1. From the Cα gyration tensor of the stretch 173-352, with a ≥ b ≥ c the square roots of its eigenvalues, which class applies: rounded if a/c is under 1.5, or else prolate if a/b is larger than b/c, or else oblate?
2. Going by average Cβ neighbours within 10 Å, how do the peptides 85-98, 272-285 rank, with the highest at the top?
3. Please give the helix 231-240 orientation as an angle from the longest Cα principal axis of the chain, in degrees from 0 to 90, rounded to the nearest 10.
4. Measure nothing but the geometry: give the 0 to 90° angle between the long axis through the Cα atoms of 21-37 and the longest principal axis through the Cα atoms of the chain, rounded to 10°.
5. What FRET efficiency comes out for the pair residue 168/residue 40, r = Cβ-Cβ distance, R0 = 25 Å, nearest 0.05?
6. Pop the C-beta distance of residue 52 and residue 311 into the FRET formula with R0 = 30 Å and round what comes out to the nearest 0.05.
7. Based on the mean of other Cβ atoms within 10 Å per residue, sort peptides 321-334, 154-167, 58-71 so the most packed one is first.
8. For the chain, what does the helix formula give at 222 nm: sum of -39500 (n - 2.57) over DSSP H segments with n ≥ 4, over the residue count, nearest 500 deg cm²/dmol?
C-alpha cells in the first residue's frame, strides 16, 4: 500500500487503542510496521488496564502501556464514571510526555480524534468518519474493511510499510507456568469457546457439544473455555458432552489462556477475543462468523484457519434487514451455520496438525 512521508526526529509514539484482546490482535501488524519504520522510538500504547498486565515483559512492538482513565467513547471501565479532575491530570501528564507521533487506531474518531488531539503530539494521524474532526493526516473510516488492513493504512500515513499481515503474539514463561500448573500434561487439546460478547455472534451451545463429541470420537481431548459470565454456556456444552470435556471456564488469566491456546491442535469458537488470540499464538481455528464480521475480522489465510460463515442479513425475530438498519433484538445471526461444516473442518484440522506440540511452540 502507498505510504506517506516519514516524520523526522521521532523519539516517542503514542498509539490510542483501548478495547478488547481481539481488537488488540488486529492492531499488532500495524504496531510491527511502526516498530520497523521507527526502530529507535518508544512505542507507548494508550489502552486499558488489562493491556498493561498482559503486555508487561511480553516480547513485541509495544514498549510501554499507559492505562486510560474512564473517558466516554474511548475507554470506559464498568462502574467507573468519568472523573474530570482525573481526565485533566491525565492529559497534562500526556502533554509532558512530548509525543512526536500520535496514532488513532480506535475507530471512526468521533470521540477518539478529540482525545488524540489533546495529546498535543507534533503529528497526529488516524481514521476519520464523517462526523469526526480531522487529525493532521487521515484516511476515511468506512465500516466494512478488514481491520488489520485498516490500521496498516493508518500507520502508512506516517511512512510505516507492512512487515506482516498476520497478528503474532509471543508467550512468556509465566503464561507457560500457569498452564503447567493445571496438570494437563503434554497431550494436545481441541478447545471449544461457545461464548461471545454479542449474543448475535453465538452459535448454539448444543452444536458446540456435538462438535466436541465428534472430536472425542476422533481421539481428541476436549477443553471448554470461557469467562465468568459465560459459565451458563460452558456448562451447557459440558452437559451436552456428558462430562467428558475439561471445563476450564474462568480458570486462567489472559496470558495463561494464550499458552493453552498455543498448545491446542484446533480451536473452535464464535467470532470472539479468544478466537483471534488463538490465531495470533499459532493455533489452527474454526471460526463461526456472521458475514459482515467476516469482512472485518476474518482470517486472511486458510492453511490453518477455516471460517464458517452465516449469510443471514435479516433479524430472525423481526425480519428487518440489519445490514445498515439495526434492530434491538439479540437473537443469533449465526445459528444457521451448518453443524456438518463445522465438524468437517474441525476434524480435518485436528488430523492435519502436528501430533505433538509443546506449550512454547
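Derivation of every value follows stated rules applied to the coordinates shown; laboratory data play no part. All of these numbers come straight from a predicted model, not from anything done at the bench. We place every Cβ from the backbone using ideal geometry, glycine too, and count neighbours over all the protein chains shown.
1. Because a/c hits 1.5 or more and a/b exceeds b/c, the stretch 173-352 counts as prolate.
2. With the highest mean Cβ count within 10 Å placed first, the list reads 272-285, 85-98.
3. Taking Cα atoms only, the helix is inclined about 30 degrees.
4. The answer is roughly 50 degrees.
5. 0.70
6. Computed FRET efficiency for residue 52 and residue 311 comes out at 0.15.
7. Descending packing order for the listed peptides: 154-167, 58-71, 321-334.
8. Counting only the DSSP helices, I get -10000 deg cm²/dmol.
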